[in-house]
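Some notes on the structure that comes next.
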Amino acid sequence: MSNATLATRLRPRISLIVAALGTATVFVFLPPYPTLLLITIITAGIIALAFRLKNYVLTVFSGAFLVRIALITVDATVGILPTPPISSGHNRNAIELAIAWSHGQILGPLTEIITMRGLMAHLLAPFYVVIGQTPISGRVGISFFSLLVGYLIFQLARRVSDRRTSLIAATVVLFWPTILARSVVIQREIVIVVVLIGFLWTSVQWLDTISLPTVTIGILTIFAILILRKENLFLIAVMIGFVGLAKSREKPHYIAGTVLFSTPILAYFTLNFGQFTGFGTTLSPEAINAFAYGRAHGDAVYLVGLHYDTWLDIILYAPIKVLYFLYTPFPWQIRGVTELLVGGSAIALLAATTGVRRGMGMLQNKPYYLGLLLSYLLTGVVTYSIIEMNYGAAVRRRIQFVPILLLIAVIGLSNIELNVHWPDK
């Protein structure tokens with residue numbers, strides 16, 4: 001490619017970047033809605049340019065962000081989505097940090113970053129600096145982070161599939177109703193999804209080679225999980241264990257490393273179950289039962305009356321608990337517009353699940369890759385379903401695993417050809 005040709009192709013991209021940076025410099029001086037309008041205009045311009053350049057990846061991701069901005073704007077005006085109670089706390093903390101930054105306290109209260117609320121404040125505060133001291137800023141921030149879920153799914157799919165299938169998988173995840181709905185509220189759920197799938201992506205890289213950059217990313221994600229939802233350390237230990245066992249086939253010493261790393265995490269979780277959940281002391285059927293019923297409150301509870309007295313009870317009840325965890329609310333549980341949206345998403349998820357078996361068959365030539373995805377998906381779904389008895393909470397928790405289920409399903413359905421024969425007149 002000649003220099004002239006390269007310059008011609010880069011010129012529109014450079015112009016777009018310069019325009020975006022120039023416009024961004026005035027964001028700080030504008031109230032929220034004009035700022036949102038400018039963000040919308042810039043995003044729409046990116047979509048148009050990306051589509052013209054046939055950069056469909058950028059087109060999809062920009063489109064997903066634009067839809068989120070539109071949903072935030074409509075909801076801020078009409079109020080169609082429920083606001084989680086914790087949102088006000090996250091909003092207040094981020095505003096306080098943004099004000100501290102504006103007064104020259106650039107480092108901020110670093111000691112608070114090791115708490116869930118402190119970490120969320122540090123992640124969201126830049127958006128409050130740019131857009132303004134309003135909850136809309138935090139919602140835009142969460143929307144921005146939600147795009148990383150689609151990007152990670154795209155990268156995971158690219159390991160085993162073509163660009164078209166990978167883009168379809170990312171698109172389905174980005175526009176999945178429950179993921180979209182959680183992407184426009186100020187809550188930690190989407191950030192947790194990004195961190196967990198980020199560690200899963202890192203683990204996939206480790207199947208090939210363990211490098212300093214991926215180890216660094218792995219450590220950072222473990223640190224984030226410890227702050228955001230430390231119960232998920234169990235999932236981290238499972239993924240590390242699988243990678244160690246997979247690599248031990250070529251290098252047996254990896255078994256020792258896996259045991260040394262994963263065993264302390266699992267042992268600490270087992271012996272300190274009460275510290276993670278607030279119920280019981282060590283891991284036992286009684287403690288799990290108390291934890292589950294501690295979460296069973298409100299109008300969205302299910303399977304009340306089901307108790308765990310022994311480990312056999314947990315095993316026998318697991319299938320029905322998984323069914324409720326993944327696919328509630330069922331049609332007869334729908335009592336409002338929000339539940340109608342979530343219930344429709346659950347039905348769609350049930351339909352998507354039919355493609356998982358086909359996807360597993362197509363990935364049999366990548367057994368370690370498939371095994372790692374399934375170790376994350378199955379371990380997460382089963383363990384969460386055992387302790388969940390509220391479909392409102394189940395909807396929030398299962399988005400940690402829905403992206404991987406959809407990824408496998410899209411891969412499974414990617415080569416289906418529909419032959420439509422029109423009758424002759």
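The values are calculated or read from the model by the stated rules, or taken from the named source; none is laboratory data. Please read these numbers as outputs of a predicted model, since none were measured by experiment. Glycine also receives a Cβ, built like all others from the backbone with ideal geometry; neighbour counts cover every protein chain displayed. Please note that ligands, DNA and RNA were not included when accessible areas were found on the heavy atoms of the full protein model with its side chains. Shrake-Rupley method; radii C 1.70, N 1.55, O 1.52, S 1.80 Å.
Among the residues of region 315-348, write down those that are among the β-branched types (V, I, T) and free of Cβ contacts under 8 Å to residues at least 12 places away in the same chain.
I315, I334
Determine whether A94 is modelled with pLDDT under 95, crowded, with 20+ Cβ neighbours inside 10 Å and either part of a helix (DSSP H, G or I) or among the hydrophobic types (A, V, I, L, M, F, W, C) (or both).
Considered against the rule, which asks whether it is modelled with pLDDT under 95, crowded, with 20+ Cβ neighbours inside 10 Å and either part of a helix (DSSP H, G or I) or among the hydrophobic types (A, V, I, L, M, F, W, C) (or both), A94 comes out as yes.
Taking only region 162-191 into account, find how many residues are more than 21 Å from V342 (Cβ to Cβ) and surrounded by fewer than 23 Cβ atoms within 10 Å (Cβ to Cβ).
Residues in region 162-191 being more than 21 Å from V342 (Cβ to Cβ) and surrounded by fewer than 23 Cβ atoms within 10 Å (Cβ to Cβ): 6 in total.
Would you be able to say whether some residue in region 176-186 is hydroxyl-bearing (S, T, Y) and more than 16 Å from the chain's Cα centre (by Cα)?
no
Exactly one of these conditions fails for T281: (1) under 26 Å from V215 (Cβ atoms); (2) touching a Phe, Trp or Tyr at 6+ places or on another chain (Cβ under 9 Å); (3) not in a helix (DSSP H, G or I). Give me its number.
Exception for T281: condition (1).
Against the definition (open to solvent by 10 Å² or more (accessible area, probe 1.4 Å), under 24 Å from I408 (Cα atoms) and either in contact with a Leu (Cβ under 8 Å, 6 or more places away or on another chain) or touching a residue at least 24 places away in the same chain (Cβ under 8 Å) (or both)), how does V149 come out, yes or no?
no
Go through region 192-203 and report how many residues are in contact with a Phe, Trp or Tyr (Cβ under 7 Å, 6 or more places away or on another chain) and either open to solvent by 10 Å² or more (accessible area, probe 1.4 Å) or over 29 Å from I69 (Cα atoms) (or both).
1
Would you mind stating whether F273 is out of contact with any strand residue (DSSP E or B) (no Cβ under 7 Å at 6 or more places or on another chain) and crowded, with 17+ Cβ neighbours inside 10 Å?
yes
Does T258 qualify as being open to solvent by less than 60 Å² (accessible area, probe 1.4 Å), more than 30 Å from W332 (Cα to Cα) and either of a type in the set (K, R) or not in a loop (DSSP other than H, G, I, E, B) (or both)?
Taking the combined requirement at face value, the residue satisfies it.
Conditions: (1) under 26 Å from V238 (Cβ atoms); (2) open to solvent by 60 Å² or more (accessible area, probe 1.4 Å); (3) over 23 Å from the mean Cα position of the chain (by Cα). L350 meets all but one. Number of the miss?
(3)
Yes or no: region 396-412 includes at least one residue that is modelled with pLDDT under 95 and part of a loop (DSSP other than H, G, I, E, B).
no
Looking at (1) open to solvent by less than 40 Å² (accessible area, probe 1.4 Å); (2) in contact with a Pro (Cβ under 9 Å, 6 or more places away or on another chain); (3) not in a helix (DSSP H, G or I), which is the one condition that is false for D309?
(1)
Cβ-Cβ under 8 Å, sequence separation 6+ or interchain: first residue in region 169-180 and touching a residue at least 24 places away in the same chain (Cβ under 8 Å), partner polar (S, T, N, Q) and outside any helix (DSSP H, G or I). Which pairs?
A169/S161
Against the definition (under 16 Å from the mean Cα position of the chain (by Cα), in contact (Cβ under 8 Å) with a residue 24 or more places away in the chain and open to solvent by 10 Å² or more (accessible area, probe 1.4 Å)), how does W206 come out, yes or no?
In short, no.
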